Structure formats: structure tokens, C-alpha cells
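Trainee: Sharing a structure here in C-alpha cells format.
Read-outs: derived from the displayed coordinates by stated rules, not from any lab. Predicted model only: the values in this text are computed from it and were never measured. With ideal geometry, Cβ positions are generated from the backbone for all residues, glycine too; neighbour counts draw on all protein chains shown.
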Amino acid sequence: MADSSSRNLFAAFGHRLIEAVWKLGFVCRFFAAILRDSGASLRRFPLVIREIYFAGVLSMIIIVVSGMFVGMVLGLQGYSTLVRFGSADALGALVALSLLRELGPVLAALLFASRSGSAITAEIGLMKATEQLDAMAVMAVNPIARVVAPRFWAGVLSMPVLAAIFNVMGIFGGYFVGVTLIGLDHGTFWSQMQNAVDWHTDIVNGLIKSLVFGAAVSLIAVFEGFDAKPTAEGVSSATTRTVVTSALTILALDFVLTAFMF
Amino acid sequence: MCKKAALSRGVCAQVRAGPVFSATATRLTHTVEPDAFIELDKVSFAYGSRRILDGVSLRIARGKLAAIMGGSGSGKTTLLRLISGQVKPDSGRVWVDGQDVAKLNTAGLYAMRRRMGMLFQFGALFTDLSVQDNVAFPLREHTGLPDTMIRDLVLMKLQAVGLRGAAGLMPAELSGGMARRVALARAIALDPDLMLYDEPFTGLDPIALGTIAALIKRLNDALGATAVMVTHDVHVSLNVVDEVYFVADGKIVASGTPDQVRHSADPFVRQFVDGQPDGPVRLHYPAEDYASQLGLGGRHG
Ligand SMILES: Nc1ncnc2c1ncn2[C@@H]1O[C@H](COP(=O)(O)OP(=O)(O)OP(=O)(O)O)[C@@H](O)[C@H]1O
Ligand SMILES: [Mg+2]
């Protein structure tokens, strides 16, 4: 009895594992197909611009507001910890480094995945369910070049900009709490920050992180949409998978990148 | 590799770049009748383990308008998908203008499709584009024509289906019958050599139906296009088509010219033409015995 049920468990686990490996293989081939067909869509840049508007520009509000609040919380928490060690002057450096190295890229990517990644998956999934992708292919227009690649590149290009905006708003929030509300010295706040932040280790590495996250989220979003079962439930579960898989992938990649970078 | 059916079906179909055979090489191995534009040779096809088509052979000559009739779910749409290369036969061959469709690589397939127009059963309009942008889509993608000329062509195609006034609407604002007429305008935008119509008359009022039937006929006569039309409308289509094929149980069970069909004594054909509920074509999808499924089996007698 126990033997057969544990064997079933083992079989189920193996099945899930094999499915996951299959899927990873499909993602890789899909990625290769996107890269192969990107030339045509990058040459028609207005297609990408349009998607940058939908994925990037329309995400600005949530990025700006979230960045602001995260910076303000950093200001409060950072001050209450630093003041115990008598180093409240370092608040500017703390806020900037936390944002540039970690919170900016990671949080902006998580927000981007839930705001734009899910929308991309739902849109492509619905296009598939209503045979729009088939109709396009039958009209001799490659759906990967026309629909998928522009959305992928729009995500890759938008993400670093969104993360940068998130950082700026965060620093602004930290400044507001630290200098305007708590009354730290304005000049110290900025000069501490300028001394602590290094162009290469902090800013460039943060940008690289957000580029990688942008590529990962966009790839997951377009893949899940393209792979969705062509039904209402199929599209809805694909949308959920985009958000969950993106979140896990972002956090795992962040660990790996951080280990290599800092 | 693509057998893993449940997973990543769509991706698989798109990513797979078919085996590279040149069209000329395949032509040497098969002597296509000079006038045959579409030829299916013992084509079998199954979705998973369910056999849909089982040894279908048919030949449609260049410039002809052929109708395919058959019960719901008999595999008519599947037949069109085989001709357009959206699915590949499990066995047998599909030839379009002398090319083996299953052996074309992606570039070859797209080259063939550029000369082909297809009306999908449910329209498949692009929901993010207006009516005129939908019709302009193939023109913008495949011709370098200036915008003003594209606009004029679009208005002409929309005029032909009686919807010039709807040019600025979005697909969500159209009725079902209007959407299908827009889809028809889009399918004929490039004046294709081959037209595939999947139920062009569904959801049309009698006036629109007559207009569309005349349009389909005119396209064939004036442009010399070859066309395959899936339809349930026996009486309208018998007036416009050149030949009719009846599909049932995965096979072509009868075929002939409209006159032969009208006077046929074949029970299949009679059932279709006269619209009788009883006959060789079953209305019901294969199922277990009705009485036993309702729990009225032997026990109660
Ligand atoms: N993607 C699919 N996966 C699995 N089975 C399918 C798929 N598409 C169609 N089928 C099955 O194939 C059979 C033939 O479908 P097809 O769409 O060709 O029928 P049809 O003759 O066009 O019917 P209708 O007149 O209702 O449009 C149906 O019984 C259907 O259940
Ligand atoms: Mg059909």
C-alpha cells in the first residue's frame, strides 16, 4: 500500500519534472525563433514603439507611485536604524544604494510583470483563441515577427528605463522623508550619496539587472500567450502563470546576478 | 519532437521550419495533371488519435469553383487547413499548383500563401484594428503601395461586400454577418489566385447572401481564381459552383457537377439536397447508446 502510493508520488513528481524540462526546451526554441525573426520587426520600428507605449509608457504611473512610496519607507526605516548608531547622515547613501543595487530593478520588474506581462499574455492568448494568429500566418505574415518580437523588444527596452524612473522617484521619496520631514541636512544627504555611489558597480550593474529581468519577463509573457490553450480558461491560466513564473524567475535571477556582481 | 501534443502545440507549429525540399525536386517525382490546381492524394489526418480524414482524394482544376459539403464536424475546415498548409497530412499528399504543401519550407509556404486568400469560419478579424485597417493589412504587409492607393483599394473591396460605410468601425462594433463580410473583403484584398472560403454564407440575410454569392462567382470568372468553398447552403451554392464534393466519415462519398447533384439518386446527396433528417448522414456525434446513458437500460425493460 505505502509502497504503491509512494511510487505514485514519485511518478507524479517525475511527470511534472519531465513536463517542465519539455517546456524549458520549447521556451528556448521559441526564444531562438524570436531572435531569428527580430530583424524584420526591428526594421519596422514603429511596431516596437507602439508596444513600448502600451507596455512601458502606460506602466509609468504605477512605477512612479510605487517608487515614491518605497523611497519614503526606506527613508523612515533607514533613519530609525541609522540614528541608533549615530550615523543618520548616511541616509542618502543607504537609500540610493538599496534602490540602485536591488530594490529598483527587482521591484520595477515585479510591477512590470504584473502590469504589462499579464496584459501581453492575455492579448496574445486571445489573438490565438480567436484564430487571429492563424489568419495572420495564412496571410503569409509571420506572427512571431509581427506580433511576438515587437512586444518582446518593447519589454526589453522599457524595463531599464522604468527601473531608472523607479530609482529616481525612490531617491526623491527618501529625500522627502529624510530632509523635508525629519530635517536632516540637505547638503549632507546629497554629498554622502555622491560619495557612496559608484558608476560602475552600482549604476551599471543595476541597469544590467533590469535588462536581464526585462528580457526574462517579456519572454515569459509572450511565450505563455503563444502557448495558451485557445480557450477562455486557457488564457486566464496562462496569464496567472506569467505573473507567478516571472516573479520566481526575477527573484532567482537576482540572486544569481548579485552573487556574480557584488 | 512535436508529438508532445498537450504541451506547446502552437509554438511547435510555428517554430518548426519544415524540411527543406525544393519545389522543383518534388515536381519531378510527381506528374501533376496540367490543369489540376489543387490535388489531394489519399490524404489521411487525425487530431491525436481521432481520425478525421481517411484517404481523401480530390482534384480541382485551375479556375474552377468547388464546393465541399458535409455534416457538421465531418472535417471540412480541416480539409481547408490541409490545403493552406496549417496542418500536415499524416499520410498522402496535398498539391497546390504543383507544389507538395507538406514539403515546403517556411519561406516556400509563405510564398504560396501570398497568392492565397482564406475566409475563416469565424472571421478572425484583428480586434485591435479598424475595419479599413483590417482590409488594408495584407496590402500594407505585402505591397509597397502608397497610402492613398491602399485607401482606395480598401474602399473598393469594402464596397464589393456592401460595407464601405463601416470602414471606420472597430470589429467589436460589427454584427456577425458584417464581420464575415469584412473578413471576406480582407481575404480578397490581394486578388489571390486561390481562395478558400469557410462557410461564406453563414449569418447573412437573403440579400447579402445573394450579393456575396455573386461576388464569389465574379471573382472566379473575372480573375480566373481557383476557389474551394465549404458551405451548407445547397441551393445557393449549386447555382454558382462548378463541382461539389460530399464529405462523410472521413471520405469523399460523392462528387459531381451541380446538375449531376440535382438529379442524383445517391442517398447521401439526396439527404443533403432535400435536407432530410434521416439518411446515411448521422446528426449525432458518436456516443454510447442513448437509452443506456439515460439509465433506461435493460433493467426496466
Ligand atoms: N484543434 C483540434 N483539436 C482536436 N480536434 C479537433 C480540432 N479541430 C477540429 N477537431 C475535430 O475534428 C473534427 C472535424 O473538425 P472540422 O472543424 O474540420 O469540422 P467541420 O466539417 O468544419 O465542421 P463544421 O461544419 O461544424 O464547421 C471535429 O469532430 C472536431 O471535433
Ligand atoms: Mg468548419
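Trainee: Multiply the residue gap between A:LEU211 and A:VAL21 by 0.36 nm, knock off their C-alpha separation, and tell me the result in nm, one decimal place.
Mentor: Full extension from A:LEU211 to A:VAL21 adds 65.9 nm.
Trainee: Just from its helices, what would the mean residue ellipticity at 222 nm be for chain A, if runs of 4 or more DSSP H residues each count -39500 (n - 2.57) and the sum is divided by every residue, rounded to the nearest 500 deg cm²/dmol?
Mentor: One gets -26500 deg cm²/dmol as the mean residue ellipticity at 222 nm.
Trainee: Right, another one. From the Cα gyration tensor of region A:41-189, with a ≥ b ≥ c the square roots of its eigenvalues, which class applies: rounded if a/c is under 1.5, or else prolate if a/b is larger than b/c, or else oblate?
Mentor: Prolate, because a/c is 1.5 or more and a/b exceeds b/c.
Trainee: Follow-up. Give the span of region A:208-262's Cα atoms along each principal axis, as three whole-Å numbers ordered largest to smallest.
Mentor: Extents along the principal axes: 45, 15, 11 Å.
Trainee: To continue, here is another question. With only alpha-carbon pairs counted, each pair once and no self-pairs, how large is the Kirkwood hydrodynamic radius of region B:80-208 in angstroms?
Mentor: 15.5 Å
Trainee: Over what distance in Å are the Cα centres of region A:13-85 and region A:92-131 separated?
Mentor: A separation of 4 Å, based on Cα centres.
Trainee: For a quick protection proxy, order the peptides A:72-79, B:270-277, B:126-133 by their average other-Cβ count within 10 Å, most packed first.
Mentor: In decreasing order of mean packing, A:72-79, B:270-277, B:126-133 become A:72-79, B:126-133, B:270-277.
Trainee: Which residue, A:ALA11, A:ALA20, A:ALA88, tops the fluctuation ranking in a GNM of chain A built on C-alpha contacts under 10 Å?
Mentor: A:ALA11
Trainee: Under the Kirkwood approximation applied to all pairs of distinct alpha-carbon atoms, what is the hydrodynamic radius of region B:34-124 in Å?
Mentor: With all distinct Cα pairs of region B:34-124 included, I get 13.7 Å.
Trainee: Can you work out the base-10 log of I(q)/I(0) for region B:167-269 at q = 0.12 1/Å, using the Debye formula on its C-alpha atoms alone?
Mentor: The Cα Debye sum returns log10 ratios of -0.46.
Trainee: Where the only charges are on Cβ atoms (+1 Lys, Arg; -1 Asp, Glu), what is the dipole of region B:36-279 about its Cα centre, to the nearest 20 debye?
Mentor: 400 debye
Trainee: Okay, moving on. In debye, nearest 20, what is the charge dipole magnitude of the protein assembly as shown about its Cα centre with +1 on Lys and Arg Cβ and -1 on Asp and Glu Cβ, if you could check?
Mentor: In debye, rounded to 20, the protein assembly as shown gives about 680.
Trainee: Okay, moving on. Taking all pairs of different Cα atoms in the protein assembly as shown, averaging 1/r and flipping that mean, what Kirkwood radius in angstroms comes out?
Mentor: For the protein assembly as shown, the Kirkwood estimate is 27.4 Å.
Trainee: Now for a different question. Given a cut-off of 24 Å, what percent of all Cα-Cα pairs of region A:121-216 lie beyond it?
Mentor: 50 percent
Trainee: Calculate the spin-label point distance for A:SER236 paired with A:PHE176, positioning each point 7 Å from the Cα along the beta-carbon direction, and give it in nanometres.
Mentor: Using points 7 Å along Cα→Cβ, the separation is 3.7 nm.
Trainee: Check cross-link reach from B:LYS42 to the aspartates and glutamates: straight Cα distance under 13 Å, and skip same-chain residues fewer than eight apart.
Mentor: Once the sequence-local aspartates and glutamates are set aside, what remains near B:LYS42 is B:ASP54, B:ASP90.
Trainee: At q = 0.07, 0.14, 0.15 Å⁻¹, what is the base-10 log of I(q)/I(0) for region A:2-261 according to the Debye formula with one equal point scatterer per Cα and no solvent? Please give it to two decimals.
Mentor: -0.32, -0.94, -1.02
Trainee: Let me ask you something else. Specify the angular offset, from 0 to 90 degrees and rounded to the nearest 10, of the alpha carbon long axis of helix A:2-43 from the longest principal axis of the alpha carbons in chain A.
Mentor: Roughly 80 degrees between the two axes.
Trainee: Next question, about the same structure. In whole angstrom, how far apart do the alpha carbon centroids of region B:184-247 and region B:107-135 sit?
Mentor: First find each Cα centre; the distance between them is then 16 Å.
Trainee: Other chains' Cβ within 10 Å of A:165-175 residues: what's the mean?
Mentor: The shielding value for this peptide is 0.
Trainee: With an 8 Å cut-off on Cα pairs and a minimum separation of 6 or more residues, tell me the relative contact order of chain A in percent.
Mentor: 31 percent
Trainee: Let me ask you something else. Subtract the Cα-Cα distance of B:HIS235 and B:LYS251 from 0.36 nm times their separation in residues, and report this length gain in nm to one decimal.
Mentor: 3.5 nm
Trainee: Strictly over 23 Å apart at the Cα level, which of B:LYS88/B:LYS217; B:LYS103/B:LYS157; A:LYS128/B:LYS64; A:LYS23/B:LYS76; A:LYS23/A:LYS128; A:LYS23/A:LYS229 would you flag in this model?
Mentor: Those over the limit are B:LYS88/B:LYS217; B:LYS103/B:LYS157; A:LYS128/B:LYS64; A:LYS23/B:LYS76.
Trainee: So how do A:204-210, A:159-165, B:114-120 stack up, highest first, on mean other-Cβ count within 10 Å?
Mentor: In decreasing order of mean packing, A:204-210, A:159-165, B:114-120 become A:159-165, B:114-120, A:204-210.
Trainee: In the protein assembly as shown, what percentage of the DSSP-assigned beta bridges are antiparallel, given to the nearest 5?
Mentor: 55 percent
Trainee: Along each principal axis of its Cα atoms, how long is region B:36-279 end to end? Whole angstroms, biggest number first, please.
Mentor: 53, 42, 34
Trainee: Would you mind getting me the FRET efficiency between A:ILE203 and B:GLN260? Use the beta-carbon distance for r and R0 = 60 Å, nearest 0.05.
Mentor: 0.15
Trainee: Another question about this same structure. Peptide B:109-120: average number of partner chain Cβ atoms within 10 Å per residue?
Mentor: Per-residue shielding by partner chains comes out at 3.
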